[in-house]
1. Hey, any hits in region 77-100 for a residue that's within 24 Å of residue 42 (Cβ to Cβ), β-branched (Val, Ile, Thr) and without any contact (Cβ under 8 Å) to a residue 12 or more places away in the chain?
2. Do we have any residue at all in region 57-66 that's outside any loop (DSSP other than H, G, I, E, B) and under 15 Å from the mean Cα position of the chain (by Cα)?
3. Condition first: outside any helix (DSSP H, G or I), in the same structural domain as residue 128 (by TED's automatic domain parsing), at pLDDT below 95 and more than 16 Å from the chain's Cα centre (by Cα). Can you find one or more residues in region 69-90 that meet it?
4. Hey, can you tell me all the residues within region 4-29 that are closer than 13 Å to residue 62 by Cβ, surrounded by 13 or more Cβ atoms within 10 Å (Cβ to Cβ) and either within 21 Å of the chain's Cα centre (by Cα) or in contact (Cβ under 8 Å) with a residue 60 or more places away in the chain (or both)?
5. Is at least one residue of region 33-44 assigned to a strand (DSSP E or B), within 19 Å of the chain's Cα centre (by Cα), small (Gly, Ala, Ser) and surrounded by 12 or more Cβ atoms within 10 Å (Cβ to Cβ)?
6. Report, by residue number, each residue of region 45-55 that is surrounded by 12 or more Cβ atoms within 10 Å (Cβ to Cβ) and more than 15 Å from the chain's Cα centre (by Cα).
7. Give me the residue from region 1-22 that is over 18 Å from residue 64 (Cβ atoms) and β-branched (Val, Ile, Thr) and, out of that set, modelled with the lowest pLDDT.
8. Quick one: is residue 84 within 29 Å of residue 119 (Cα to Cα) and touching a Ser or Thr at 6+ places or on another chain (Cβ under 8 Å)?
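The values are calculated or read from the model by the stated rules, or taken from the named source; none is laboratory data. The model shown is predicted, which means the values in this text are computed figures rather than measured ones. Please note: Cβ atoms are built from the backbone with ideal geometry, for glycine as well, and neighbour counts cover all protein chains shown.
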Amino acid sequence: VVLGYDTEITYEKLSTASVHLHKGVPMVASHPDTVCPSPDGGLPDTGAYMELFEAATGIRPEHVCGKPNAGMILHKVESLELRPEQCAMIGDRLYTDMEMADRAGVHGVLVLSGEATMEELEAAPQAPSLVVGSVDELAR
């Protein structure tokens, strides 16, 4: 079962995937983000579907291909012949962006103009190297 962002999710798709999972078919997910930002408010993202399948089947993905998988950033670090400590991951999510920075050994730069808040940061296991209000603030 390949789980990714789907703007045309149906009960039939959810049911079919659940049946396959109950039969032992492994699940691979693209990323664990639970919310996709939109002008109208947060919308369900792949991580929300992961939680749905865990609740329904008890099964979690065997592999998450995207963030926070460190390989996503380390292959580029290596191809540029850099060391991880010379690089930074800029993002607005603690559990994907900053977690990937931690796993890859790069600097994490958390921007507070997206999903994460200072309150969440204070309770999070991730420790960004830098916290800024926005990408614009970082660029100045």
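1. no
2. yes
3. Scanning region 69-90 turns up no residue that is outside any helix (DSSP H, G or I), in the same structural domain as residue 128 (by TED's automatic domain parsing), at pLDDT below 95 and more than 16 Å from the chain's Cα centre (by Cα).
4. Once the filter is applied, which keeps residues that are closer than 13 Å to residue 62 by Cβ, surrounded by 13 or more Cβ atoms within 10 Å (Cβ to Cβ) and either within 21 Å of the chain's Cα centre (by Cα) or in contact (Cβ under 8 Å) with a residue 60 or more places away in the chain (or both), region 4-29 yields 27, 28, 29.
5. Checked against the condition, which is being assigned to a strand (DSSP E or B), within 19 Å of the chain's Cα centre (by Cα), small (Gly, Ala, Ser) and surrounded by 12 or more Cβ atoms within 10 Å (Cβ to Cβ), region 33-44 yields no hits at all.
6. Within region 45-55, 52, 53, 54 qualify.
7. 7
8. No.
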